[in-house]
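Working notes, beginning with the structure itself.
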Amino acid sequence: MTTTTATQPTATSAATAQVWSIDASHSTASFSVRHMMISNVRGEFQKLAGSVVYDAARPETAKVTATIEVASISTRDAQRDTHLRSGDFFDAENHPVIAFTSKAVRRADTGLEVIGDLTLRGTTREVVLTVDGPTATNKDPWGNTRIGASARTKIKRSEFGMMWNNVLEAGGVLVGDDVTIDLDVSLVLQK
């Protein structure tokens, strides 16, 4: 008699995994960073893509890949957006894409934690996304099956080569080092 441990995928679990694609028009990838040590400035990227291979019975087996086009950054200030695309920050000309690839998924109190590699400005670092969700499945008016999820992580921009800053006259710096990243995604089941 052969037994299967909980850590080994079975033929049944592999068959129940489904591929979901990010619906970019109903998803956001946003960030916030402290400005002048006073308030948070927020921005978002308008172009993102990706997929999730997910089995609701075995969420720890999920696989996530996502990309974001750096040039699609928007902070509602054209001059600031141009500066953020420059070599002082994202260096969009040399590094046009931000990428994330999951390495592991584990259950957490509030949902899931997705551990993976974030590649930004040519530097790859491991991050942990705290995921709220996924939501229950639902049908949209066009017959597509959807789920959604929200995720958050924090990074230090200096760890990705973004060192530009100005010292303020009263002390402190113009741009904080800690960046909070928030993701809200709508996923469509692939047929």
Query raised in the report: Which residues, counting only those in the range 38-90, are buried (at least 17 other Cβ atoms within 10 Å of the Cβ), assigned to a loop (DSSP other than H, G, I, E, B) and in contact (Cβ under 8 Å) with a residue 60 or more places away in the chain?
Result: F89, F90
**Report entry** Matching residues in the range 71-100 - criterion: being of a type outside the set (G, A, S), under 20 Å from D117 (Cβ atoms) and in contact with a strand residue (DSSP E or B) (Cβ under 6 Å, 6 or more places away or on another chain)
**Finding:** V97, I98, F100
Requested in this report: Evaluate the following for A99: is it part of a strand (DSSP E or B) and farther than 26 Å from V173 by Cα?
Outcome: yes
Query raised in the report: When I115 is evaluated against the numbered criteria (1) part of a strand (DSSP E or B); (2) at pLDDT below 95, which criterion, by number, is the only one it fails?
Result: (2)
Report task. List every residue pair whose Cβ atoms lie under 7 Å apart, where the two residues are 6 or more positions apart in sequence or sit on different chains, the first residue falls within the range 17-29 and is within 16 Å of A151 (Cα to Cα), and the second residue, located anywhere, is among the basic types (K, R). Result -> A24/K47
Report task. Go over the candidates T180, T145 one by one and state the one that is of a type in the set (S, T, N, Q) and under 18 Å from F89 (Cβ atoms). Result -> T180
Query raised in the report: Looking at this structure, is E93 outside any helix (DSSP H, G or I) and among the acidic types (D, E)?
Result: yes
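Somewhere in the range 128-136, is a residue acidic (D, E) and in a strand (DSSP E or B)?
yes
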Query - I181 in contact with a Phe, Trp or Tyr (Cβ under 7 Å, 6 or more places away or on another chain), farther than 19 Å from T135 by Cα and of a type in the set (A, V, I, L, M) - result: yes
Query raised in the report: Restricting attention to the range 179-191, which residues are surrounded by fewer than 14 Cβ atoms within 10 Å (Cβ to Cβ) and either modelled with pLDDT of 95 or more or touching a strand residue (DSSP E or B) at 6+ places or on another chain (Cβ under 6 Å) (or both)?
Result: Q190
Requested in this report: Quick one: in the range 76-110, of everything that is over 20 Å from F160 (Cα atoms) and not basic (K, R), which residue is modelled with the lowest pLDDT?
Outcome: T110
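The values are calculated or read from the model by the stated rules, or taken from the named source; none is laboratory data. Given the structure is predicted, the values throughout are model-derived calculations rather than measurements. As a convention, Cβ positions derive from the backbone with ideal geometry for all residues, glycine included, and neighbour counts pool all protein chains shown.
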